[in-house]
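Student: Handing you a structure now.
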Amino acid sequence: MRPTAFLQIAEWLFFGYFILIYFVYALLNVFAVFRIRRYLQVAELTAADNVFSSLDLPVSVIVPAYNESDSIITSTRAMLQVEYPDYEVIVVNDGSSDDTLQKLIDAFNLRPFPEAYRQRVPCKKVRGVYKSALFPTLRVVDKENGGSKADALNAGINVCRYPIFCAVDADSILQPDSLRRAVRPFLEEPNTVATGGTVRIANGCVVRGGFLEKVGLPSNFLARVQVIEYLRAFLYGRMGWSQMNAVLIISGAFGVFDKEAVVRVGGYNAEAIGEDMELVLRLHRHFCESGRDYEITFVPDPICWTDAPEDLNTLGKQRIRWQHGLGQSLRLHKDLLFRRNSGAVGWLAIPFFYIFELFGPVVEIAGYIFMTIAGLSGWISWETTGIFFCLAIGLGVMLSTSALVLEEMSFSVYPRVRDLFKLFGVAILENFGYRQITLVWRIRGLVGWLRGKTPEWGEMKRSSSLTEP
């Protein structure tokens with residue numbers, strides 16, 4: 001093949017890749033707009049008629065905690081103030097080496113509580129169960145460290161009493177009505193086995209006594225750009241896939257599950273890096289193999305506020321782990337790919353995640369490098385190089401700003417015009433440096449997964465938002 005022909009093929013491959021990926025994202029955006037519009041209409045009707053007021057299902061809220069001394073009291077208080085008629089809160093101390101357990105004992109007047117329970121899913125040994133003398137719905141499980149959040153969640157599943165459980169990170173704050181909204185799909189559709197809610201960035205917000213008093217933007221640029229990332233991921237990423245019953249990820253920060261369905265598939269996988277995605281894929285696989293109807297959906301307005309990393313080192317380790325977990329989860333459930341009865345999960349979602357999410361960073365970085373070298377060497381015209389970079393960056397800006405517009409049209413969590421202008425500026429700036437850095441982190445995670453190397457956790461430095469005394 002002549003060099004000129006090779007260059008032309010490579011050029012059109014990179015152009016085609018970028019056009020295709022953004023076409024798919026734009027399509028997901030369209031699906032999300034229609035689904036959110038319909039959701040808001042139904043939500044308004046059910047709220048006005050109080051349709052489900054007497055039908056709420058009892059829920060167990062499970063909060064795994066490992067060395068969460070700084071935020072555990074604030075988060076637990078927030079869980080205890082959720083507006084829901086019948087629920088319990090189970091904090092699982094996963095063998096913390098700091099004073100997480102002692103803080104819980106002191107703050108909530110915990111007393112040892114002899115309790116028998118069935119170990120229905122595997123977990124490390126439970127050393128004891130405590131019950132609060134102040135809050136009858138609060139129990140704390142103290143267990144040996146299992147080395148993963150999955151092991152702590154499994155211990156919570158074994159202890160919880162109710163048929164539905166909600167998994168919430170220990171550095172998260174639920175809005176008072178979040179649990180009711182997240183559980184509603186279980187009432188609307190009896191075949192629902194899991195729902196996920198929107199996760200937002202708590203950095204810059206004001207939290208007192210476990211209540212989110214004021215929504216604000218973080219002053220830190222890294223945290224602020226993650227506000228845009230989360231809007232993209234949740235509002236039209238997962239919302240779009242939910243339209244096709246093809247949600248592959250329910251965030252570990254906030255997800256609601258049918259306990260019996262999770263027990264049936266063996267609970268969380270303690271060996272999985274991305275235990276949240278791996279569980280959802282296992283649920284898809286189980287129900288596809290059994291031929292039973294089921295729904296795994298996403299609800300856009302139950303909001304969970306969580307801390308975001310504010311330094312490059314912590315953020316990089318987080319993204320490396322996410323990419324490693326993505327590869328591991330897809331590999332573990334490769335049998336779903338193009339399976340005859342797997343529907344949109346096996347024929348659309350999984351191929352998309354393989355091509356654009358798992359290996360996409362390699363193609364994107366290769367495209368940047370190839371087009372730069374080709375332009376500097378004169379192999380292709382500067383006009384073509386310029387068009388490529390305008391396409392790559394311009395479409396990135398379009399996707400971020402469209403997520404921001406969708407947020408403003410639907411939920412308007414950031415009502416101040418000044419905040420919207422700041423976010424619009426971040427949506428542009430993130431494409432010049434930040435996005436390329438995240439691609440490098442994702443490639444490192446991909447390489448680590450291919451090599452079988454377990455990534456580091458990294459110590460999460462909490463923002464002041466969730467570290468009240």
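The values are calculated or read from the model by the stated rules, or taken from the named source; none is laboratory data. Predicted model, so just to flag it, every value in this text is computed and none were measured. Cβ coordinates were reconstructed from backbone atoms using ideal geometry, including for glycine residues, and neighbour counts include every protein chain displayed.
Student: Any residue at all in segment 323-346 that's closer than 22 Å to Asn431 by Cα, at pLDDT 90 or above and touching a Phe, Trp or Tyr at 6+ places or on another chain (Cβ under 9 Å)?
Tutor: So far as segment 323-346 goes, yes, one or more of its residues are closer than 22 Å to Asn431 by Cα, at pLDDT 90 or above and touching a Phe, Trp or Tyr at 6+ places or on another chain (Cβ under 9 Å).
Student: Cβ-Cβ under 7 Å, sequence separation 6+ or interchain: first residue in segment 393-422 and at pLDDT 85 or above, partner part of a loop (DSSP other than H, G, I, E, B) and of a type in the set (D, E, K, R). Which pairs?
Tutor: Filtered contacts from segment 393-422: Ser400/Glu430.
Student: Right, something else. Could you grab me the full set of residues in segment 337-380 that are within 23 Å of the chain's Cα centre (by Cα), of a type in the set (Phe, Trp, Tyr) and in a helix (DSSP H, G or I)?
Tutor: Trp347, Phe352, Phe353, Tyr354, Phe356
Student: Given Phe14, Phe6, which one is hydrophobic (A, V, I, L, M, F, W, C) and either closer than 14 Å to Ser410 by Cα or surrounded by fewer than 15 Cβ atoms within 10 Å (Cβ to Cβ) (or both)?
Tutor: Phe6
Student: Can I ask one more? With the requirement that a residue be over 23 Å from Lys149 (Cα atoms), crowded, with 23+ Cβ neighbours inside 10 Å, of a type in the set (A, V, I, L, M, F, W, C) and more than 13 Å from the chain's Cα centre (by Cα), what does segment 228-262 give you?
Tutor: Ile228, Trp241
Student: Here is a further query. Can you pull out the residues in segment 278-314 that are more than 22 Å from Glu188 (Cβ to Cβ), under 19 Å from the mean Cα position of the chain (by Cα) and either at pLDDT below 95 or among the acidic types (Asp, Glu) (or both)?
Tutor: Glu278, Trp305, Thr306, Asp307, Ala308, Pro309, Glu310, Thr314
Student: Now a separate question. Can you list the strands (runs of 3 or more DSSP E) lying wholly within segment 147-265 that have 1 or more residues being aromatic (Phe, Trp, Tyr) and farther than 30 Å from Leu348 by Cα? Steps first, please.
Tutor: Numbers: elements: 164-168, 172-174, 192-201, 206-208, 211-214, 254-258.
Fully inside segment 147-265 and qualifying: 211-214.
Student: What are the residue pairs meeting all of these: first residue in segment 75-100, first residue farther than 16 Å from Asp171 by Cβ, second residue outside any loop (DSSP other than H, G, I, E, B) and basic (Lys, Arg), Cβ atoms under 8 Å, and 6 or more apart or on different chains?
Tutor: The qualifying pairs are Glu83/Arg180; Tyr84/Arg180; Glu88/Arg139; Ile90/Arg139; Gly95/Lys143.
Student: Could you please tell me which pairs satisfy a Cβ distance under 7 Å, a separation of 6+ or placement on different chains, a first residue in segment 255-278 that is without any contact (Cβ under 8 Å) to a residue 40 or more places away in the chain, and a second residue that is buried (at least 20 other Cβ atoms within 10 Å of the Cβ) and assigned to a helix (DSSP H, G or I)?
Tutor: Every condition considered, the pairs that remain are Val265/Arg282; Val265/Leu283.
Student: Report the residue count in segment 70-122 for those that are touching a helix residue (DSSP H, G or I) at 6+ places or on another chain (Cβ under 7 Å), within 20 Å of Asp151 (Cα to Cα) and surrounded by fewer than 20 Cβ atoms within 10 Å (Cβ to Cβ).
Tutor: Number satisfying all stated conditions: 5.
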